[in-house]
Amino acid sequence: MNASQAQLLRWVLVETSHPGNVGSAARALKTMGFSDLHLIAPKIAEVAQTPEAIALASGAVDVLESSQETSSLESAVQGCTLVLGLTSRDREFGPPALNWQDARPLVKAAIAGNQQVALLFGPERTGLDNHHLSLCTHRVWLDANPVYPSLNLAQAIMVCAFTLRESLAEDLELAPLGSTEPVDYADPAAVAAMLEHWREGLEAIGYLDPANPKKLMPRLQALFARTRLHKEEIDLLRGIAKQMLLKK
């Protein structure tokens, strides 16, 4: 694995509670050769500067210092064509589900195409919620003891970082036959914005009752997540939504 490959991996911690977990995560990432750490709405502001985080980083203070803290998950995944939400909880709706072993080739292929990848890890107590997963292309779980599948946040990051380092140390797979350049996938933030546009359009034509929406939007969200939309397809779907709004 080289430095340019590592920079295409974005490690996103969502609403982390404990400064020690942030420091331990930084240590795990640096040990495996990664550094792009994003902290989304941590429970303690400027958590990377706390004494506990610095102590647990144990020499990886540079990863803490270069980390980016923001309140917006949308901004953290912007530009990422592959966004993996790590969670062991099953969901009725949401993005397609994969185990980590099957997700790794997707990461490898995206990086081979010089595409940005994000890995999301949720709050320690509750994990990623449905809104977080709505910004993911896939929901991913780590194979573990089914009786007790719980992993500490830093442990989960270390497992992912170690196995990705192994994968990226191997020769990157060739693009599929017939493919001359990487697919220009839309990032999840663009898909979410398109879905909001569709919600407004469906309300405008009377297909969606805002007082009784049932499960229409989650079903549409799951449908579009399975297709992995291209950027040009987002433009097409927004054009349809625009026409629906003109009928209002």
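Within the stretch 216-239, how many residues turn out to be open to solvent by less than 90 Å² (accessible area, probe 1.4 Å) and either touching a residue at least 40 places away in the same chain (Cβ under 8 Å) or in contact with a His (Cβ under 7 Å, 6 or more places away or on another chain) (or both)?
Of all residues in the stretch 216-239, those open to solvent by less than 90 Å² (accessible area, probe 1.4 Å) come to 216-218, 220-225, 227-230, 233-234, 237-239.
From what's left, either touching a residue at least 40 places away in the same chain (Cβ under 8 Å) or in contact with a His (Cβ under 7 Å, 6 or more places away or on another chain) (or both): 218, 221-222, 225, 228-230, 233-234, 237-238.
Total meeting the criteria: 11.
Out of 64, 82, 119, which single residue is in contact (Cβ under 8 Å) with a residue 60 or more places away in the chain, surrounded by 22 or more Cβ atoms within 10 Å (Cβ to Cβ), within 24 Å of residue 24 (Cα to Cα) and aliphatic (A, V, I, L, M)?
Of the residues listed, the single one that is in contact (Cβ under 8 Å) with a residue 60 or more places away in the chain, surrounded by 22 or more Cβ atoms within 10 Å (Cβ to Cβ), within 24 Å of residue 24 (Cα to Cα) and aliphatic (A, V, I, L, M) is 119.
What are the pairs, 6+ residues apart or on separate chains, where a residue within the stretch 22-51 that is within 20 Å of residue 7 (Cβ to Cβ) has its Cβ under 8 Å from a residue that is part of a loop (DSSP other than H, G, I, E, B) and among the aliphatic types (A, V, I, L, M)?
26/60; 27/60; 29/60; 30/60; 31/60; 33/1
Within the stretch 136-154, can one find any residue that is modelled with pLDDT of 95 or more and within 14 Å of residue 8 (Cα to Cα)?
no
Within the stretch 150-159, is even one residue under 14 Å from the mean Cα position of the chain (by Cα), over 21 Å from residue 229 (Cβ atoms) and β-branched (Val, Ile, Thr)?
Checking the stretch 150-159: at least one residue is under 14 Å from the mean Cα position of the chain (by Cα), over 21 Å from residue 229 (Cβ atoms) and β-branched (Val, Ile, Thr).
Taking the stretch 128-153 on its own, how many of its residues are buried (at least 22 other Cβ atoms within 10 Å of the Cβ) and either basic (Lys, Arg) or under 20 Å from residue 29 (Cα atoms) (or both)?
Here the count works out to 3.
Quick grid of which residues meet (1) under 27 Å from residue 167 (Cα atoms); (2) among the basic types (Lys, Arg):
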position	(1), (2)
28	yes, no
42	no, no
51	no, no
59	yes, no
71	no, no
100	yes, no
108	yes, yes
114	yes, no
122	yes, no
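So is residue 244 closer than 30 Å to residue 89 by Cα, at pLDDT 90 or above and of a type in the set (A, V, I, L, M) or not?
It is false that residue 244 is closer than 30 Å to residue 89 by Cα, at pLDDT 90 or above and of a type in the set (A, V, I, L, M).
The values are calculated or read from the model by the stated rules, or taken from the named source; none is laboratory data. Quick caveat: nothing in here was measured; it's all calculated off a predicted structure. Note: ideal-geometry Cβ built from the backbone for every residue, glycine included; neighbour counts use all protein chains shown. These accessible areas exclude ligands, DNA and RNA; they are computed on the full protein's heavy atoms, side chains included. Shrake-Rupley method; radii C 1.70, N 1.55, O 1.52, S 1.80 Å.
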